[in-house]
Amino acid sequence: MNLPGHDCTQQLVERQLSATAVFESSGEIAAARDLARSFLANLQVSHGLPLSGQVVSVVQLVVSELVTNACKYAPGPYMLTLEVTGGAVDITVWDSNPTLPVTQVADPDRVGQHGLEIVLAVSEGFAARREPVGKRITATIALADDLAGDHPADRCL
């Protein structure tokens, strides 16, 4: 699964499926969403993993929000990795800015800057850590819908 002009790899190692791409500019946010969509389609077709439209939409939303923040706040390239482990997909974005994200105080009059709030609301897990260069943000999305209605994504959709 290679997007033209991008360094993409996909591998099956110890039952962990992953895809990674390095992007150079903010104009590639749509390409990052396309990578996520292709990755999930491959899970369905090649690996027989049933995914609902809601799960696909939530993964693309989180990819879009994390990549947009990387483009907005960090100079230089950023890297997106999608990895399936234990019934969930970890969405990881590395960028060169070492400043960790901070949620803002709730303000109904604020326009914009809600990306991190959205990611936290729909994710099963979230981690942000500094790296020797930059930072790495990981959000975890369950690949199965919670039939009891307790899935974090149900709170926002």
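The values are calculated or read from the model by the stated rules, or taken from the named source; none is laboratory data. Everything numeric here is computed off the predicted structure, so don't read it as measured data. Neighbour counts are summed over all protein chains in view; Cβ atoms, including those assigned to glycine, are modelled from backbone coordinates with ideal geometry.
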When the residues of the stretch 107-145 are filtered to those that are within 28 Å of Gly53 (Cβ to Cβ) and in contact with an Asp or Glu (Cβ under 7 Å, 6 or more places away or on another chain), which remaining residue is modelled with the lowest pLDDT? Gly115
Please give the strands (runs of 3 or more DSSP E) falling wholly within the stretch 38-153 in which 2 or more residues are free of Cβ contacts under 8 Å to residues at least 24 places away in the same chain and within 21 Å of Thr20 (Cα to Cα). 125-130
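Quick one: which of Ser96, Ser64, Ser46 is under 14 Å from Ala139 (Cα atoms) and either small (Gly, Ala, Ser) or in contact with a Cys (Cβ under 9 Å, 6 or more places away or on another chain) (or both)? Full working, then the answer.
On the way: Ser96 fails: under 14 Å from Ala139 (Cα atoms); Ser46 fails: under 14 Å from Ala139 (Cα atoms).
On inspection, the qualifying residue turns out to be Ser64.
Residues checked against (1) modelled with pLDDT under 85; (2) surrounded by fewer than 17 Cβ atoms within 10 Å (Cβ to Cβ); (3) on the phi < 0 side of the Ramachandran plot:
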position	(1), (2), (3)
Asn2	yes, yes, yes
Cys8	yes, no, yes
Val22	no, yes, yes
Gly27	yes, yes, yes
Ala36	no, no, yes
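Residues are listed down the side, and each one gets a yes or a no for (1) of a type in the set (A, V, I, L, M, F, W, C); (2) modelled with pLDDT under 95; (3) surrounded by 20 or more Cβ atoms within 10 Å (Cβ to Cβ):
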site	(1), (2), (3)
Val63	yes, no, yes
Thr68	no, yes, no
Gly76	no, yes, no
Glu83	no, no, no
Gly86	no, yes, no
Ile91	yes, no, yes
